[in-house]
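A.B. asks: Quick one: structure below, then a few questions.
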Amino acid sequence: MNDLTDPYRVGLDVLAQTGAGQDARRNRVAEVAPDFARLAIGFTYGEVFSRPSLDLKLREFAAIAACAAMSRSAAQLRDHVAAALHLGWSKTEIVELLIQIAAHAGVPAALDALVWCHDLLVEMSDCQSCEDDSSDGQV
């Protein structure tokens, strides 16, 4: 299999496009289970995320929705929120998605997602109404 068709290599390229690349968590997994790391990146990013029908922005939106709804992996959710922001999603769009998650998967899942990604979303300044809101931010 050459580099152009190797799902792992394609997956690394897709990760680079999202601004992620090979991070410390992936390196730790690869140190203990290199075959698992290769399969996970190859399948998820090299075969699923690289399919032609949806662009990366929509794929990240779907990943955020799934991670937030499952409310199980703060690290994965944070990776996908950071990637979505890198690809051009706004804070307002991500917050709106999480409001939808509250309606369909439950308020606790959406609250967890907002807490887990608080620092990523606070750094964004596209939500003028959020900045102008005089409430104390309590739910």
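A.B. asks: Is it fair to say residue 108 is in a helix (DSSP H, G or I), surrounded by fewer than 16 Cβ atoms within 10 Å (Cβ to Cβ) and not hydrophobic (A, V, I, L, M, F, W, C)?
C.D. replies: Against the criterion (in a helix (DSSP H, G or I), surrounded by fewer than 16 Cβ atoms within 10 Å (Cβ to Cβ) and not hydrophobic (A, V, I, L, M, F, W, C)), residue 108 qualifies.
A.B. asks: Among the residues of the range 57-64, is there at least one that is among the β-branched types (Val, Ile, Thr), out of contact with any Pro (no Cβ under 7 Å at 6 or more places or on another chain) and modelled with pLDDT under 90?
C.D. replies: no
A.B. asks: Among the residues of the range 67-77 satisfying the criterion of being surrounded by 14 or more Cβ atoms within 10 Å (Cβ to Cβ) and of a type in the set (Gly, Ala, Ser), which is farthest from residue 110 (Cα to Cα)?
C.D. replies: Per the stated criteria, the residue is 74.
A.B. asks: On to the next question. What are the pairs, 6+ residues apart or on separate chains, where a residue within the range 71-97 that is more than 16 Å from residue 124 (Cβ to Cβ) has its Cβ under 8 Å from a residue that is small (Gly, Ala, Ser) and open to solvent by 30 Å² or more (accessible area, probe 1.4 Å)?
C.D. replies: That search, which allows pairs on different chains as well, returns 71/105; 79/20.
A.B. asks: Let me ask something else. Which residues, counting only those in the range 67-105, are assigned to a loop (DSSP other than H, G, I, E, B) and in contact with a Cys (Cβ under 7 Å, 6 or more places away or on another chain)?
C.D. replies: Of everything in the range 67-105, just one residue is assigned to a loop (DSSP other than H, G, I, E, B) and in contact with a Cys (Cβ under 7 Å, 6 or more places away or on another chain), namely 73.
A.B. asks: Hey, any hits in the range 69-85 for a residue that's in contact with a His (Cβ under 8 Å, 6 or more places away or on another chain) and modelled with pLDDT of 95 or more?
C.D. replies: Taking every residue of the range 69-85 in turn, at least one turns out to be in contact with a His (Cβ under 8 Å, 6 or more places away or on another chain) and modelled with pLDDT of 95 or more.
The values are calculated or read from the model by the stated rules, or taken from the named source; none is laboratory data. Every value quoted in this text rests on a predicted model; they were computed, and no experiment measured them. FYI the Cβ positions are ideal-geometry reconstructions off the backbone, even for glycines, and counts take in every protein chain you see. Note: accessible area is taken over every heavy atom of the protein model, side chains too, but ligands, DNA and RNA are not part of it. Shrake-Rupley method; radii C 1.70, N 1.55, O 1.52, S 1.80 Å.
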